[in-house]
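Below is one structure; the comments refer to it alone.
Please treat every number below as a calculation from the coordinates, not as lab data. What you see is a predicted model; the values in this text were computed from it and never measured. Counting neighbours? That spans all protein chains shown, and the Cβs are built from the backbone with ideal geometry, glycine included.
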Ligand code: GUN
């Protein structure tokens with residue numbers, strides 16, 4: 001049976017360390033989350049971010065716009081936040097409604113307050129093999145969890161399924177930085193099963209139940225980033241946990257695996273930006 005990659009346990013440990021660190025700060029970091037529209041999943045994520053931030057001493061404000069807000073209104077708000085010395089970090093919750101340009105909005109965030117690491121400056125740094133100011137939260141959380149279990153990635157064949165800017169693309173790049181041999185698969189990949197069968201590490205971020213135990217190589221490491229509700233309203237990941245946990249050596253559960261690690265990375269990134277601002281970044 002596979003060892004469970006316990007994201008909740010690591011989250012609790014890191015957040016407690018952060019809480020103690022923040023407690024010593026004279027001034028507290030401030031995270032602003034911009035939420036547009038009423039996507040129910042986004043609302044839950046955003047409330048969770050705020051709750052956890054406040055629990056460890058980070059000030060958190062959510063600006064919730066209705067879905068008919070104009071792009072210009074959001075851009076003006078971002079400019080105001082960029083120029084406000086009291087604001088440490090800005091996060092625009094994705095997805096945005098179709099009438100709002102995600103690129104325009106993200107590009108407007110000052111790279112020094114870009115807590116997701118999604119702006120062209122930070123993405124460009126990451127993809128050119130340099131250090132961004134902070135790393136994107138979900139891939140960072142995946143690596144923190146793999147490191148906690150001392151899973152070495154060097155020379156391993158890592159297969160990333162999904163090519164989103166939030167997970168797949170930065171994940172692949174960060175695995176490459178760790179000297180893994182990386183394959184990115186996506187909806188047009190023809191021989192997905194053949195590729196998965198050769199993977200030492202499988203990282204799936206699709207949002208559909210696509211991976212069964214019999215598709216995996218013996219003793220591989222499985223990281224399940226997908227999360228969705230099935231027809232019965234049950235929270236599920238991309239991986240069939242029961243069959244996969246019999247083949248893999250390590251596996252992250254859903255829930256309780258990468259979800260808690262993403263939030264942990266967001267808190268770490270907020271504190272990193274705060275420290276960099278006080279170094280007069
Ligand atoms: N939506 C889902 N995951 C994320 C994330 O990590 N950052 C942002 N901004 N939006 C998201």
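Before moving on, here are some points about what is shown:
- Only one of 34, 63, 87 that is within 29 Å of residue 105 (Cα to Cα), more than 19 Å from the chain's Cα centre (by Cα), in contact (Cβ under 8 Å) with a residue 24 or more places away in the chain and surrounded by 18 or more Cβ atoms within 10 Å (Cβ to Cβ): 87
Each row is one residue, and each column tells you yes or no for (1) in contact with a strand residue (DSSP E or B) (Cβ under 8 Å, 6 or more places away or on another chain); (2) under 15 Å from residue 160 (Cβ atoms).
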| position | (1), (2) |
| --- | --- |
| 205 | yes, yes |
| 208 | yes, no |
| 222 | yes, yes |
| 226 | yes, yes |
| 230 | yes, no |
| 233 | no, no |
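- Given (1) surrounded by fewer than 17 Cβ atoms within 10 Å (Cβ to Cβ); (2) touching a strand residue (DSSP E or B) at 6+ places or on another chain (Cβ under 9 Å); (3) within 24 Å of residue 172 (Cα to Cα), number of the condition residue 124 does not satisfy: (2)
- Residue that is nearest to the chain's Cα centre (by Cα) [pool: residues in region 125-162 that are within 16 Å of the ligand (Cβ to nearest atom) and assigned to a loop (DSSP other than H, G, I, E, B)]: 136
- Meets criteria (crowded, with 16+ Cβ neighbours inside 10 Å, farther than 20 Å from residue 7 by Cβ and out of contact with any helix residue (DSSP H, G or I) (no Cβ under 7 Å at 6 or more places or on another chain)) for residue 180: yes
- Among the residues of region 20-63, not one is over 14 Å from residue 92 (Cβ atoms), in a strand (DSSP E or B) and within 13 Å of the ligand (Cβ to nearest atom).
- Only residues that are surrounded by fewer than 17 Cβ atoms within 10 Å (Cβ to Cβ) and either within 16 Å of residue 187 (Cα to Cα) or under 10 Å from the mean Cα position of the chain (by Cα) (or both) were counted in region 165-177, giving 1.
- Whichever residue in region 108-124 is more than 14 Å from the ligand (Cβ to nearest atom) and part of a helix (DSSP H, G or I) and, among such residues, is nearest to residue 274 (Cα to Cα): 112
- Residue within region 201-223 that is without any contact (Cβ under 8 Å) to a residue 40 or more places away in the chain, more than 26 Å from residue 246 (Cα to Cα) and surrounded by fewer than 19 Cβ atoms within 10 Å (Cβ to Cβ) present: no
- Region 268-281, subset away from the ligand (no atom under 16 Å from the Cβ) and part of a helix (DSSP H, G or I), residue surrounded by the most Cβ atoms within 10 Å (Cβ to Cβ): 271
- Residue 41 closer than 30 Å to residue 100 by Cβ and surrounded by fewer than 14 Cβ atoms within 10 Å (Cβ to Cβ): yes
- Subset of region 230-267 that is over 18 Å from residue 8 (Cβ atoms) and in a helix (DSSP H, G or I) - its residue that is nearest to the chain's Cα centre (by Cα): 244
- Pick from region 81-107, criterion within 13 Å of the ligand (Cβ to nearest atom) and part of a loop (DSSP other than H, G, I, E, B), ranking: nearest to residue 61 (Cα to Cα): 93
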